[in-house]
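I have placed the structure first, in the form of structure tokens, so that the comments after it can refer back to it.
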Amino acid sequence: MDTINGIPPAEIVVQNHYFAVEHQHVRVRELRQLANACRIDLGLPAGTTLQRVSGPDSAPWLVWQQPFASLDAWAADLDTLAASTEFVAIRELQAAALSHFDRIAYRRIG
């Protein structure tokens, strides 16, 4: 098995960072919850949603995260979502309520 500094490589953790348009924070949270339910209906894990309770306004107000075994597993997840008309519609509604969105993948190293 490959290692990084003697540590076996672990999964990828993907985070989506949601920056709500003013007065749209509740809507962004509701849409993320709807997206999580849709993921479950598609046979995917819901993921974990985190809401900022302190920190600078420059930090995302909402974060969704999900570990994946590999980048290929994440790509398969994205393919499933892209094939779902329901999930695509939720994404379009989310886009209207967001001022900014980031998706970042990390490799867990410890």
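The values are calculated or read from the model by the stated rules, or taken from the named source; none is laboratory data. Not measured: the values here are computed from a predicted model. Don't worry about glycine lacking a Cβ; one is built from the backbone with ideal geometry, like all the others, and counts go over all protein chains shown.
Kindly check whether there is at least one residue in region 35-52 that is surrounded by 16 or more Cβ atoms within 10 Å (Cβ to Cβ), part of a strand (DSSP E or B), touching a strand residue (DSSP E or B) at 6+ places or on another chain (Cβ under 9 Å) and in contact (Cβ under 8 Å) with a residue 40 or more places away in the chain.
For region 35-52, residues surrounded by 16 or more Cβ atoms within 10 Å (Cβ to Cβ), part of a strand (DSSP E or B), touching a strand residue (DSSP E or B) at 6+ places or on another chain (Cβ under 9 Å) and in contact (Cβ under 8 Å) with a residue 40 or more places away in the chain: absent.
For a quick check of your reading of the model, give me the residue pairs whose first member lies in region 85-108 and is within 13 Å of R29 (Cα to Cα) and in contact (Cβ under 8 Å) with a residue 60 or more places away in the chain, whose second is hydroxyl-bearing (S, T, Y) and surrounded by 11 or more Cβ atoms within 10 Å (Cβ to Cβ), with beta-carbon atoms closer than 9 Å and at least 6 apart or on different chains.
What qualifies is Q94/Y18; A97/Y18; L98/Y18.
Filter region 93-110 down to residues that are over 13 Å from the mean Cα position of the chain (by Cα) and either among the β-branched types (V, I, T) or surrounded by 10 or more Cβ atoms within 10 Å (Cβ to Cβ) (or both), then give me how many there are.
Looking only at that region, the number is 10.
From the list F101, F87, which residue is assigned to a strand (DSSP E or B), at negative phi and aromatic (F, W, Y)?
Unique residue meeting the criteria: F101.
Among the numbered criteria (1) among the charged types (D, E, K, R); (2) at pLDDT below 95; (3) crowded, with 16+ Cβ neighbours inside 10 Å, which one does D57 miss?
Tallying (1) among the charged types (D, E, K, R); (2) at pLDDT below 95; (3) crowded, with 16+ Cβ neighbours inside 10 Å, D57 fails exactly one: (3).
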